[in-house]
1. I want to check the label-to-label distance for residue 124 and residue 75. Put each point 7 Å from Cα in the C-beta direction and report it in nm to one decimal.
2. R0 = 25 Å: FRET efficiency of residue 83 with residue 33, Cβ-based, nearest 0.05?
3. At 0.36 nm per residue, minus the direct Cα-Cα distance, what do residue 54 and residue 67 gain on full extension? Give it in nm, one decimal, please.
Amino acid sequence: MAPIAACRLHRVQYEMPLCDEDSTSKTMHLMGDFSAPAEFFVTLGIFSFFYTMAALVLYLRFHNLYTENKRFPLVDFCVTVSFTFFWLVAAAAWGKGLTDVKGATRPSSLTAAMSVCHGEDAVCSAGATPSMGLANLSV
């Protein structure tokens, strides 16, 4: 589950220069754990897959039971509507989680959090802006 692990930013380390006489660096950690929306999205997807497989077995193997009992179609409809609603909620949560990850890893946010960049003579540049194209496609 690499995408979910990527949302646990507090486990990601980076080196911050100290800019003093020793010219050493300090290991820092990113802030935030945005894995809950991703876990909700993946869990709902897995449960949806299992329900779809069970419904296919019911439709194909036990077709007579499905057509004779009037409760099965109603229960199937209610479960499908519930999964549809939760899928919409999960997609919105995943989008919000991705927005939070982007905000926490924005180069300007990272340089603003570094104490060495708060001096009057300090000029901090993050370098290249990370590409979020594949992350955007996941939503």
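Nothing in this text is a laboratory measurement; each read-out follows from the coordinates by a stated rule. Since the structure is predicted, the reported quantities are computational estimates derived from the model, not experimental observations. Positions of Cβ are backbone-derived with ideal geometry, glycine not excepted, and every protein chain shown enters the neighbour counts.
1. Result: 5.8 nm between the two label points.
2. Result of the calculation: an efficiency of 0.40.
3. Separation in residues times 0.36 nm, less the Cα-Cα distance, equals 3.1 nm.
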